[in-house]
1. May I ask for the distance between the Cα centers of the range 169-196 and the range 82-113, given as a whole number of Å?
2. Per the 1.4 Å probe, what fraction of the accessible area of the range 136-200, in percent, lies on carbon and sulfur atoms?
3. Would you be so kind as to identify which of THR119, ALA198, GLN218 lies farthest towards the positive end of the dipole of the chain, taking Lys and Arg as +1 and Asp and Glu as -1 on Cβ and the Cα centre as origin?
4. May I ask you to derive the relative contact order of the chain, considering only C-alpha pairs under 8 Å and at least 6 residues apart, and to give it as an integer percent?
5. If you build a Gaussian network model of the chain, linking Cα atoms that sit under 10 Å apart, which residue out of VAL51, VAL92, VAL144 swings the most?
6. Within the range 32-62, report the trypsin sites (Lys or Arg not before Pro) that DSSP leaves as loop and that have at most 12 other Cβ atoms within 10 Å.
7. Work out the charge dipole of the range 51-244 with +1 on the Cβ of Lys and Arg and -1 on the Cβ of Asp and Glu about the Cα centre, then indicate which of PHE98, VAL108, PHE64 is farthest towards its positive end.
8. May I ask you to derive the FRET efficiency for THR240 and ARG88 from their Cβ-Cβ distance with R0 = 25 Å, giving the value to the nearest 0.05?
Amino acid sequence: MREPARGSTGFWNSLRQGGVPSAIASIMGAPTAQHMAFIRSIMREQRRPEVLHTPLGELDAVVFDLETTGFSPQHGDEILSFGAVRLRGGVVLEEEQFYTLVQSKTAVPKHITELTGITQQMTEKAPTLLQGLHDFMSFVGGNVLVAHASAHDRAFLNAALWRTSKVRLTHRLIDTMMLARWLEPTRTGYGLDELLEARGIPIYGRHHALEDAKMTAQLWSCYLEDMQRKNIETLGDLYTQLSHA
């Protein structure tokens with residue numbers, strides 16, 4: 001029986017043990033394999049029950065936003081950029097922020113460039129999606145995530161995580177739009193611009209992932225004060241309330 005070519009044994013072992021992503025990683029080299037392993041380890045460590053008892057005023061959270069080529073990851077739209085800022089309770093830690101562009105296999109539509117300022121040329125020079133995900137998840141760590149209209153961001157994150165690492169997002173995720181619907185049920189609209197204006201938060205740099213994340217973080221800080229006035233003290237209290245809202 002002919003021996004396999006040099007280097008191919010690792011590929012076939014990886015394919016049998018870890019599936020296609022691990023096999024591809026064995027060919028592409030250690031950095032890719034390390035990025036995938038790190039992302040998988042982060043996802044395994046989430047959903048710790050003790051975090052539910054954390055007072056909201058002491059909660060470490062990461063508020064994030066994505067810019068994308070469209071609205072449908074299942075039809076080929078992709079992430080263009082990640083932006084995030086860290087919070088401790090209601091305090092935005094301005095010095096702890098994250099931003100990166102990533103490469104996109106989908107062409108950047110003209111209207112997306114006009115909206116976000118992101119051009120095709122910018123994405124071609126950016127880190128790969130796997131590198132961007134690795135760096136983003138390194139910044140997030142085990143913290144609770146916060147986003148506005150989070151269904152969009154969750155869908156794109158899950159699509160990217162599955163495509164690169166065959167995992168799904170396991171972090172707890174709080175949606176500021178859902179909070180607004182509970183706290184201000186008589187509103188006619190819950191878009192980010194409208195909610196920011198209502199709270200007197202200056203609007204700047206809209207549709208830039210980092211700037212949107214920073215403004216959403218300020219909105220979360222306002223809602224945190226409202227929740228405390230309603231005797232919502234812990235993350236568990238908040239989940240219980242939202243489940244009945």
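The values are calculated or read from the model by the stated rules, or taken from the named source; none is laboratory data. What you see is a predicted model, and the numbers here were worked out from it, not measured in a lab. Glycine gets a Cβ as well: all are built from the backbone with ideal geometry, and neighbour counts include every protein chain shown. For the accessible areas, the whole protein counts, side chains as well, though only heavy atoms, and no ligand, DNA or RNA atoms are used. Shrake-Rupley method; radii C 1.70, N 1.55, O 1.52, S 1.80 Å.
1. Measuring centre to centre over Cα atoms gives 19 Å.
2. On the way: 1350 of 2560 Å².
Here it works out to 53 percent.
3. THR119
4. Numbers: 374 pairs, mean separation 58.7, N = 245.
RCO, the chain: 24 percent.
5. VAL51
6. ARG47
7. Comparing the listed Cα positions along the dipole, VAL108 ranks first.
8. Working: r = 23 Å, r/R0 = 0.92.
According to the calculation, E is roughly 0.60.
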